[in-house]
Each structure stands twice: as structure tokens, then as C-alpha cells.
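*Asks:* Sharing a structure with you now.
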Amino acid sequence: MGKNIVQKILEPHIVEGKWEPGKEIGIKIDQTLTQDATGTMAYLQFEAMGVPRVKTELSVSYVDHNTIQIGFENADDHKYLQTVAAKYGIIFSRAGNGICHQVHLERFAKPGKTLLGSDSHTPTAGGVGMIAIGAGGLDVAVAMAGGPFYLTCPRVIRINLHGKLPPWVSAKDVILKVLEIFTTKGNVGYVFEYGGDGIKTLSVPDRATITNMGAECGVTTSVFPSDEVTKAFLEAQDRVQDWVEILPDPDATYERIVDINLDELVPLVAYPHSPGNIKTVRELEGLPVDQVCIGSCTNSSYKDLMTVARILKNQKVHPNVSFVLAPGSRQVLLNIARDSGLSDLLAAGTRLAESACGFCIGNSQAPATAAVSVRTSNRNFEGRSGTKDAQVYLTSPETAAAAVITGRLTDPRDLEKMGIPYPHIEMPKRFYIDDSMFIMPAERPEEVKIYRGPNIGEPPTNTPLPETIEGVVTIKVGDKITTDHIIPAGDKMKYRSNVPKYSEFVFAPLDPKFYERAKQIQASGKHNIIVAGVSYGQGSSREHAALCPMYLGVRAVIAKSLERIHTDNLINFGIVPLTFKDESDYDRIEQGDELEIPNIRKALETGGAIVVRNKTKGTEFEVAYNLSERQKAAILAGGTLALMGKR
């Protein structure tokens, strides 16, 4: 039986288990990446392991999130990251060099290799035929220390792309179509593998846009073949030696096959407040737009920004629109400048932002009150932009550029009527490359002293799982609760290396009194318990959405369903992820109810049933758990760090 691309790459990397979809496997990780918002804690955890040098083929530490330096915290953390990188054999990408996913795609991603990143959009590198997976920082720290990364052996869905995209329709519209088909829930344990005759018409940046935003579907990752298009991109990056051809066997098998005709796609938009809310731009056209933000790791490549530059050539930003553009990397900025794209953008009235995550993570360019913001980024969760009542619409660069000119949501195909021709942008045969903002590891690491500012604290650890959880429902939340809801980003991210301080903001977007209530319950000697609906923990990989609740004494989450990365993070910090066997039991629980989960240690050790007693209501119900023996051991020990210390 033939093999698909996912199996061809993953199978040789398996160090524990075997290729058996649905079963847990441990894989060798070739490369890791971190960014500064998640990396600080990841490296503190790595240091705690006592390993003198990273054991991967390549590890890179990027500074791209907390670049708005108000106060000492971010600058101190960056200094910590730079010294840790120098000492432990990690390449350091300085602030201003660009967004981790864009830069890694350009300079380090390799077909056939595995990449683990402490950011949920790490699958961007799947655009070059790499198995690239987002995870919590602790999982990345373990991989840097030479340990395997554990995941469910994936079931593979083949998405065939046929034909060619028409003018004014782009790769962003492809992934929005995929989101329309698959939605943002119910895809845990799957990988998207792209094929079909249409992929040869898509550049590597096009492919990376598609694999990047596959994360919003909840799949483990997404991957394209490594073919002649991949080779041309690596040649342009002066890295042709990294290319290998990786194609599926003709008789490869898949869990499911979906066909999408590129010729039939039209400009699409994800409307508030989910990337899965898809309509055509035509359905919403005419909506007045207050702000346009172009950039993010999804749409900030040379091709994206040169397309926008050509559309805006000889045009002006509409007077009612605030328009900001952030190149994905310093390389992109240098190349659009050399090809006159930057001058066209500036002449149109563009506000140029740093090559960083910026507006996408809500730490800059917050919209006005109740404003409509059109963005090329990947998430439009409520409040993520920094303004709670802002209405964020996700579109392609072409559609965003049309809004810049017209001041309203406009189908970009209508720009032809205004005398603006569609710009056909060719990928450069050779990019101008300047790697001077990478700092290589120290040649004499023993002489490096690690800098630790006052914001840096030790990684908190949990205690072993008790025999019985005696707790209170500290909060009951609904469906599609994201990690942004659980622990906000934006201006609060500077506290990520200071868990006691950051914990003050747990669930703040939903319930500002959660922290106070959780501390009171914790002080009473009881455990905190979270009750949730469908798809709990979707969105960012931020492990603080588990780490901070653990610090506040959360011992269990009971949900209708949970997302992959967040489930792994809960386990890593000793919180039991449970699901309702009968979802109607969710409706019979209220915030403040006292719950008892008796004999939970024994149940996990023996594989027995877990029953939850609602002492307030005088009822009980059974919950389910899907844990490997390794995951059970981690929870019993109080988390992965505790388990490693025990061993």
C-alpha cells in the first residue's frame, strides 16, 4: 500500500510507537522555534532540565511579539533570551528581523524535516513540505533537550486543488474556503495534505498562507508536497541544497478526500468573531471600514505586499481609513524597497509598522470603539484586537487593499471598473538576502552569563494528583472558548515570565472577578474546576492558558470537547482534561456548585470509570477521558516537569 506525504515524513521520525492512526506516537524533532511571548517560559523550563546544550539539528529563538517596549519587562526578557541562546546553542533572531514563521520559512525550513514551535501557526513551514507542529513551550523545551514529541498518529485528509485561481482571488480565499468546509471544531487528530493539479500554480508563500491558517481548523498541521515550486523558492533563498522531492505515492490512501476548484473561488471574508464565519465579500460589500491592517504571519510575504503596493500605486488611502502595513520580515521589507513597492505604499499614505506580530496579537493598532477593522491576519476573536467591541473581518490582501481605497468592504474585482488592473506579481528568481540580524551561539558558552531581570521567575510546579478532587466550579463558560479568553495577550503579555502576576488576568475578558474567586477557593483548601462547552482552548498555543490556572489551583477541566494543543498543555501542568459522556450534564451544572471526583488517581491508574458528584445538586454523572499511559503518568505526578524529575 502506498504512502501519503505525512506518513513518508513522520514514519522515519517515530521513536516510540508505530504508524497506527489514532494511537499515540513519539517523534524525533529536527528543528524548534520559539517566539518571545512563549519562549521565555520555554527556556526557563529547558534550564530546569539541566541539559548543557540543545540536541536538535537547529533551534531558533525569535523576538517578534513583545516588541512594543513600554516598561522594562519586555527588554529584560529579550536580554534573557539572547543570553540563553548564546549559552545553549540556539540562533537568536533579533527584534526587527521579522515574524518567526515568515523568517523560518525563508531561511531555515527544510522539506522532509520535523519542526516543533511554541506558536500555533508553526504549520506555516508545511508550505515547503515540512511537518511543522505548534505546541506548548514545555513540549518544545523537552524537544530541545532531546526528548520525543508525543502526538496522536494523525489521520490524513487529502485536499485536492484543481485549476487556477482567477484574478483578484488568492491563497487566503483558498484557506477561507477550507474553513467554510471544515469549520473550527471537530478536526482534532487530523492533518491536511494538499495535492491536485492546482498546487503547481501556487507559490510557496501562497502555500504557506494556506498551511498557516489551517491551524484555525484545529488540525495537527497541514503540508504541501516538495516539488519544483519548492525547489525554485529555495533556489531564490540560496538554499537549493536543502531541497528534496517529496510526493505521495500514486496509491496512497487517505481518511477522506475533498476537492476544491480554484477556478470557481471568489473573494471571501471571515466575519466577527470567528475565522470559521465565512461569507463572500459580495454578500457584505458596502460595509464602512474604519481600519485596515495588512501583514501578520498569514499574509506578509513579498508577493502579498508587492500585490498591495501595485494596487495602491497612484492611489490614496481613503480619508476615513487608518491603514497600517507590517512586512513579515526584514527580507520582505528590503526586497519590496528594492523593487519600488515600498515607495508606492508610502506615497499612498501607508503607515509602516515594524516587521513583527503587532496588530495581530493586539499589542498595537487597537481599533476605535466599535470600529470595523479589515485584517489579513488569521484570527478575529472578540477583543483580540485590543478593543472589545471592535468588529474584525479577515480577508485577502487584495480585498484589504480595495477597502483601503474605497473606505468600505469591496469585492476587489470591482477595482477593474476604477481603472486599477490586477497586478500579476512574479516571484523573484533571487531574493536579496541579509542574515546579519541573526546572532549565532557563543563559541565559548561557558563564559556566557545569563541575564535575569526582576520580571523573571522560576517555572511553577504542581503537586501530585490527589486521591480525590474536592472542588468548586469556579467558572462555567460556553462554546469555542479560546486561549485569548483564558489568558489575554496584548499589553498583558509582558508578564509571561512572571506567572504570579500574569495569573491575575486569567479569564479577565469573560469574568474580571475570576482571579479573586479562584484565590479564595484555593485558600479554603478546595480545588478550582472549570466547566466548558464545545472546542475549549482553541486558538493560540500559549501554555499560560494552562500554567496560570494551575498556579491558581485548577485541578480539572470538564468540557464537551477540547482542542489538541490546549489538552496537551493541561496535561503538561497536571490538570485533568475530562469530557462529558452525556453533554446534557453540562446544563445541570452551575458556577459555584461543589463537585467531588472521588478515587480519581485509582481510576486513572486502572483505567476505571470517573464519576463526578455534584454535592450542591445531589446528583452525579460520568465523564470520559482519552489519555495514553504516558499522559496518565504525567497527570499523576503533577505534570511533565514533575514526572521528569521523578524519573
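The values are calculated or read from the model by the stated rules, or taken from the named source; none is laboratory data. All values reported here derive from a predicted model rather than from experimental measurement. As a convention, Cβ positions derive from the backbone with ideal geometry for all residues, glycine included, and neighbour counts pool all protein chains shown.
*Asks:* Find all pairs meeting these conditions: Cβ atoms under 7 angstrom apart; at least six residues apart or on different chains; first residue within segment 580-592 and small (Gly, Ala, Ser); second residue surrounded by 12 or more Cβ atoms within 10 Å (Cβ to Cβ).
*Replies:* Pairs that qualify, where the first residue is small (Gly, Ala, Ser) and the partner is surrounded by 12 or more Cβ atoms within 10 Å (Cβ to Cβ), are Gly592/Val472; Gly592/Val473.
Residues are listed down the side, and each one gets a yes or a no for (1) within 16 Å of the chain's Cα centre (by Cα); (2) among the charged types (D, E, K, R); (3) under 17 Å from Met437 (Cβ atoms); (4) not assigned by TED's automatic domain parsing to the domain that holds Leu627:
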site: Gly26; (1), (2), (3), (4): no, no, no, yes
site: Thr32; (1), (2), (3), (4): yes, no, no, yes
site: Gly39; (1), (2), (3), (4): yes, no, yes, yes
site: Ala42; (1), (2), (3), (4): yes, no, no, yes
site: Met49; (1), (2), (3), (4): no, no, no, yes
site: Phe72; (1), (2), (3), (4): no, no, no, yes
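*Asks:* Same structure again: Could you grab me the full set of residues in segment 197-209 that are over 16 Å from the mean Cα position of the chain (by Cα) and either under 18 Å from Ala125 (Cβ atoms) or surrounded by 19 or more Cβ atoms within 10 Å (Cβ to Cβ) (or both)? Steps first, please.
*Replies:* Here is the first cut: in segment 197-209, the residues over 16 Å from the mean Cα position of the chain (by Cα) are 197-207.
Listed by number, the residues that qualify are Gly198, Ile199, Leu202, Ser203, Val204, Pro205, Asp206, Arg207.
*Asks:* Tally the residues that are farther than 18 Å from Leu105 by Cα and surrounded by fewer than 16 Cβ atoms within 10 Å (Cβ to Cβ), restricting the search to segment 429-452.
*Replies:* 9
*Asks:* Let me confirm something: among Thr579, Thr619, Thr606, Thr567, which residue is closer than 19 Å to Glu467 by Cα and among the hydroxyl-bearing types (Ser, Thr, Tyr)?
*Replies:* On the way: Thr579 fails: closer than 19 Å to Glu467 by Cα; Thr619 fails: closer than 19 Å to Glu467 by Cα; Thr567 fails: closer than 19 Å to Glu467 by Cα.
Thr606 is the lone residue from the list that is closer than 19 Å to Glu467 by Cα and among the hydroxyl-bearing types (Ser, Thr, Tyr).
*Asks:* What number goes with the only condition from (1) within 28 Å of the chain's Cα centre (by Cα); (2) surrounded by fewer than 18 Cβ atoms within 10 Å (Cβ to Cβ); (3) acidic (Asp, Glu) that Asp290 does not pass?
*Replies:* (2) is the only condition that Asp290 fails.
*Asks:* Can you confirm whether Ile27 is within 14 Å of Ala143 (Cα to Cα), of a type outside the set (D, E, K, R) and touching a His at 6+ places or on another chain (Cβ under 7 Å)? Lay out the reasoning, then the answer.
*Replies:* On the way: within 14 Å of Ala143 (Cα to Cα): yes; of a type outside the set (D, E, K, R): yes; touching a His at 6+ places or on another chain (Cβ under 7 Å): yes.
Taking the combined requirement at face value, the residue satisfies it.
*Asks:* Considering each residue of segment 114-165, count those that are outside any strand (DSSP E or B) and among the charged types (D, E, K, R), and give that number. Don't jump to the end; show me each part of the working.
*Replies:* Initially, segment 114-165 is screened for residues outside any strand (DSSP E or B), giving 118-130, 135-148, 153-154, 163-165.
Pick out the ones that are also among the charged types (D, E, K, R) and you get 119, 139, 164.
Here the count works out to 3.
*Asks:* Output the residue which, of all residues in segment 383-412 that are among the polar types (S, T, N, Q) and more than 20 Å from Ala368 (Cβ to Cβ), is surrounded by the fewest Cβ atoms within 10 Å (Cβ to Cβ). Don't jump to the end; show me each part of the working.
*Replies:* At the first step, the residues of segment 383-412 found to be among the polar types (S, T, N, Q) are 385, 387, 391, 395-396, 399, 406, 410.
From what's left, more than 20 Å from Ala368 (Cβ to Cβ): 396, 399, 410.
Numbers: Ser396: 30, Thr399: 28, Thr410: 26.
If we take residues in segment 383-412 being among the polar types (S, T, N, Q) and more than 20 Å from Ala368 (Cβ to Cβ), then Thr410 is surrounded by the fewest Cβ atoms within 10 Å (Cβ to Cβ).
*Asks:* Which strands (runs of 3 or more DSSP E) does segment 1-52 wholly contain that include 2 or more residues that are among the β-branched types (Val, Ile, Thr) and closer than 25 Å to Gly89 by Cα?
*Replies:* Once the strands (runs of 3 or more DSSP E) in segment 1-52 are filtered for at least 2 residues that are among the β-branched types (Val, Ile, Thr) and closer than 25 Å to Gly89 by Cα, what remains is 14-16, 31-35.
*Asks:* Give segment 599-627 a look and list any residue that's more than 21 Å from Glu583 (Cα to Cα) and under 32 Å from the mean Cα position of the chain (by Cα), or say none.
*Replies:* Listed by number, the list holds a single entry, Leu604.
*Asks:* Out of segment 532-556, which residues are of a type in the set (A, V, I, L, M) and buried (at least 24 other Cβ atoms within 10 Å of the Cβ)? It would help to see each step written out before you state the result.
*Replies:* Here is the first cut: in segment 532-556, the ones of a type in the set (A, V, I, L, M) are 532, 534, 545-547, 550, 552, 554, 556.
Scanning segment 532-556 gives Ala532, Ala545, Ala546, Leu547, Met550, Val554, Ala556.
*Asks:* Turning to a different aspect of this structure: Are there any pairs, at least 6 apart or on different chains, whose C-beta atoms fall under 6 Å, with the first in segment 494-514 and over 19 Å from His78 (Cβ atoms) and the second hydrophobic (A, V, I, L, M, F, W, C) and part of a loop (DSSP other than H, G, I, E, B), and if so, which?
*Replies:* Ser503/Leu552; Val506/Ile487; Phe514/Val506; Phe514/Phe507
*Asks:* Okay, next question. Considering Leu81, Leu105, which residue is assigned to a helix (DSSP H, G or I), outside the structural domain of Arg330 (by TED's automatic domain parsing), closer than 21 Å to Ala208 by Cβ and at pLDDT 95 or above?
*Replies:* Of the residues listed, the single one that is assigned to a helix (DSSP H, G or I), outside the structural domain of Arg330 (by TED's automatic domain parsing), closer than 21 Å to Ala208 by Cβ and at pLDDT 95 or above is Leu105.
*Asks:* If we scan segment 617-628, do we find a residue that is charged (D, E, K, R) and either outside the structural domain of Thr483 (by TED's automatic domain parsing) or in contact with a His (Cβ under 8 Å, 6 or more places away or on another chain) (or both)? Step through it out loud before you land on a result.
*Replies:* Filtering segment 617-628 for residues charged (D, E, K, R) gives 617, 620, 622.
Pick out the ones that are also either outside the structural domain of Thr483 (by TED's automatic domain parsing) or in contact with a His (Cβ under 8 Å, 6 or more places away or on another chain) (or both) and you get none.
No.
*Asks:* With the condition kept exactly as written, say whether any residue in segment 228-238 is under 26 Å from the mean Cα position of the chain (by Cα) and buried (at least 23 other Cβ atoms within 10 Å of the Cβ).
*Replies:* Yes, segment 228-238 contains at least one residue that is under 26 Å from the mean Cα position of the chain (by Cα) and buried (at least 23 other Cβ atoms within 10 Å of the Cβ).
*Asks:* With respect to Val499, determine if the residue is buried (at least 18 other Cβ atoms within 10 Å of the Cβ) and at pLDDT 95 or above.
*Replies:* No; evaluated as a whole, the condition is false for this residue.
*Asks:* Looking at segment 332-357, which of the residues that are outside any loop (DSSP other than H, G, I, E, B) and β-branched (Val, Ile, Thr) is farthest from Phe233 (Cα to Cα)? Give the steps one after another, and end with the answer.
*Replies:* Of all residues in segment 332-357, those outside any loop (DSSP other than H, G, I, E, B) come to 332-338, 341-348, 351-352.
Narrowing further to those that are β-branched (Val, Ile, Thr): 332, 336.
Working: Val332: 14, Ile336: 17 Å.
The qualifying residue farthest from Phe233 (Cα to Cα) is Ile336.
*Asks:* Considering (1) under 23 Å from Thr461 (Cα atoms); (2) touching a helix residue (DSSP H, G or I) at 6+ places or on another chain (Cβ under 9 Å), say which one Val611 fails and leave the rest.
*Replies:* (1)
Residues are listed down the side, and each one gets a yes or a no for (1) surrounded by fewer than 19 Cβ atoms within 10 Å (Cβ to Cβ); (2) not acidic (Asp, Glu):
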site: Val576; (1), (2): no, yes
site: Asp582; (1), (2): yes, no
site: Lys602; (1), (2): yes, yes
site: Thr606; (1), (2): yes, yes
site: Val611; (1), (2): yes, yes
site: Asn614; (1), (2): yes, yes
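*Asks:* Sticking with this one: Residue by residue through segment 547-558, note down the ones that are more than 21 Å from the chain's Cα centre (by Cα) and either assigned to a helix (DSSP H, G or I) or more than 16 Å from Gly471 (Cα to Cα) (or both).
*Replies:* Taking segment 547-558 and keeping what is more than 21 Å from the chain's Cα centre (by Cα), we get 550-558.
Within segment 547-558, Met550, Tyr551 meet the criteria.
*Asks:* A further question on this structure: Looking at Val612, Val576, which one is in contact (Cβ under 8 Å) with a residue 40 or more places away in the chain, closer than 24 Å to Pro154 by Cα and outside the structural domain of Leu138 (by TED's automatic domain parsing)? Lay out the reasoning, then the answer.
*Replies:* Values: Val612 fails: closer than 24 Å to Pro154 by Cα.
That would be Val576, the only listed residue that is in contact (Cβ under 8 Å) with a residue 40 or more places away in the chain, closer than 24 Å to Pro154 by Cα and outside the structural domain of Leu138 (by TED's automatic domain parsing).
*Asks:* Any residue at all in segment 36-46 that's more than 19 Å from Val142 (Cα to Cα), in contact (Cβ under 8 Å) with a residue 24 or more places away in the chain and touching a helix residue (DSSP H, G or I) at 6+ places or on another chain (Cβ under 8 Å)? Break it down stepwise before answering.
*Replies:* The first filter runs over segment 36-46 and keeps only residues more than 19 Å from Val142 (Cα to Cα), leaving none.
For segment 36-46, residues more than 19 Å from Val142 (Cα to Cα), in contact (Cβ under 8 Å) with a residue 24 or more places away in the chain and touching a helix residue (DSSP H, G or I) at 6+ places or on another chain (Cβ under 8 Å): absent.
*Asks:* Follow-up question, since we're still on this one. What number of residues in segment 315-331 are assigned to a strand (DSSP E or B) and buried (at least 22 other Cβ atoms within 10 Å of the Cβ)?
*Replies:* Taking segment 315-331 as the starting set, the residues that turn out to be assigned to a strand (DSSP E or B) are 322-325, 329.
Now restrict to residues that are buried (at least 22 other Cβ atoms within 10 Å of the Cβ): 323, 325, 329.
The qualifying residues number 3.
*Asks:* Quick test of your reading of the structure: Val308 fulfils all but one of (1) over 19 Å from Leu409 (Cα atoms); (2) in a helix (DSSP H, G or I); (3) among the β-branched types (Val, Ile, Thr). Name the failing condition by number.
*Replies:* So Val308 meets the others, but not (1).
*Asks:* Looking only at segment 178-194, count every residue that is surrounded by 20 or more Cβ atoms within 10 Å (Cβ to Cβ) and at pLDDT 95 or above and tell me the total.
*Replies:* Residues in segment 178-194 being surrounded by 20 or more Cβ atoms within 10 Å (Cβ to Cβ) and at pLDDT 95 or above: 8 in total.
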